[in-house]
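Some notes on the structure that comes next.
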Amino acid sequence: MLDIRRISTNRWRHKKKNWILFAIFLFLVFVRISKGSFYKDFYYFISKPFWPGQFQKEIVLESIDQEYLIKLTLLKKDNLRLRRNLSLQESSSSNENISAAVISRKTGSWWRQIILNKGSKDGVEIGNIVIGPGGLLGRVKNTSLFTSSVTLITSPESKLGVWVDRIQINGLMVGLGDDYPSLILYSKDADIKVGDFVSSSPASTLLPPNVPIGIVQSIDETLKSKKTAKISLLAKPQVIDWVQIVKVNI
């Protein structure tokens with residue numbers, strides 16, 4: 001009789017274990033199909049009490065001052081050019097921008113991104129650009145109902161057309177997985193210098209023009225066919241807590 005009870009108990013435990021494994025399997029399939037949206041929305045709710053406040057660190061305030069200076073310079077240059085190419089895209093009016101808090105960040109790993117507390121229900125769309133105090137941070141890669149994931153311009157996934165204002169030349173900025181993206185100029189004779197301002201290119205198909213990005217920190221002239229430079233970003237993703245999501249009219 002005792003053996004029968006033991007066998008019955010073992011069968012019950014075995015069935016319970018199988019049901020638990022089956023439930024875990026279904027959960028993983030659901031997460032896979034939803035591309036992590038369920039996890040992000042769950043994280044949205046559990047992290048809500050810890051969202052950042054309105055105050056920024058001193059480094060952010062300094063970035064804002066630099067941003068205003070660069071914007072003023074770029075706007076003066078832009079007025080002189082008279083917007084020769086009328087087909088260029090422009091950002092929407094500022095009242096359509098969406099303010100969002102950074103609720104998670106991966107700024108020290110190879111695949112760099114931040115997660116914001118605004119998602120599709122707030123009107124955030126894939127491809128929207130994200131700006132912090134100082135300038136450009138990245139672009140929205142995907143959204144859930146309550147959150148959005150932003151690929152930073154420091155990520156190797158990021159490739160953007162940029163503009164070196166002093167020498168009036170376009171270049172390509174590529175993320176390298178560290179804090180300093182690489183600027184590529186396909187002209188060996190480009191007179192780029194340390195301290196030159198870099199902004200979004202007037203010819204870019206992904207960004208509105210004149211968005212501040214960074215400053216040339218160092219230059220590599222060893223290549224024969226092109227020049228490359230390291231860019232120090234004005235917006236610091238590792239310390240920024242609040243951002244603006246900007247819709248772009250194409």
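The values are calculated or read from the model by the stated rules, or taken from the named source; none is laboratory data. From a predicted model like this one, the values you see are computed outputs, not experimental measurements. Note that we place each Cβ from the backbone using ideal geometry, even for glycine, and neighbour counts take in every protein chain shown.
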Just give me the residues in the stretch 120-135 being more than 11 Å from the chain's Cα centre (by Cα) and under 19 Å from THR154 (Cβ atoms), in sequence order.
PRO133, GLY134, GLY135
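A quick yes/no check of all residues on (1) within 19 Å of GLY127 (Cβ to Cβ); (2) out of contact with any Gly (no Cβ under 6 Å at 6 or more places or on another chain); (3) among the hydroxyl-bearing types (Ser, Thr, Tyr):
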residue: ILE167; (1), (2), (3): no, yes, no
residue: PRO181; (1), (2), (3): no, no, no
residue: LYS188; (1), (2), (3): no, yes, no
residue: PRO202; (1), (2), (3): yes, yes, no
residue: THR205; (1), (2), (3): yes, yes, yes
residue: PRO209; (1), (2), (3): yes, yes, no
residue: LYS227; (1), (2), (3): no, yes, no
residue: ILE231; (1), (2), (3): no, no, no
Would you be able to tell me the number of residues in the stretch 154-187 that are part of a loop (DSSP other than H, G, I, E, B) and hydrophobic (A, V, I, L, M, F, W, C)?
2
Got a sec? Which strands (runs of 3 or more DSSP E) wholly within the stretch 44-148 have at least 3 residues that are surrounded by fewer than 16 Cβ atoms within 10 Å (Cβ to Cβ) and either modelled with pLDDT under 70 or in contact with a helix residue (DSSP H, G or I) (Cβ under 7 Å, 6 or more places away or on another chain) (or both)?
none
Restricting attention to strands (runs of 3 or more DSSP E) lying wholly within the stretch 188-250, give those where 3 or more residues are more than 15 Å from the chain's Cα centre (by Cα).
197-200, 212-220, 227-233
Report, ordered by the first and then the second residue, all pairs with beta carbons closer than 9 Å, sequence separation of six or more or different chains, a first member in the stretch 169-188 that is in contact (Cβ under 8 Å) with a residue 60 or more places away in the chain and within 19 Å of LYS224 (Cα to Cα), and a second member that is part of a strand (DSSP E or B) and of a type outside the set (A, V, I, L, M).
none
Scanning the stretch 203-249 residue by residue, those over 23 Å from GLN113 (Cβ atoms), modelled with pLDDT under 90 and surrounded by fewer than 20 Cβ atoms within 10 Å (Cβ to Cβ) turn out to be ALA203, ASP220, GLU221, THR222, LEU223, LYS224, SER225, LYS226, ASN249
Residue within the stretch 159-175 that is within 10 Å of the chain's Cα centre (by Cα) and of a type outside the set (A, V, I, L, M) present:
no
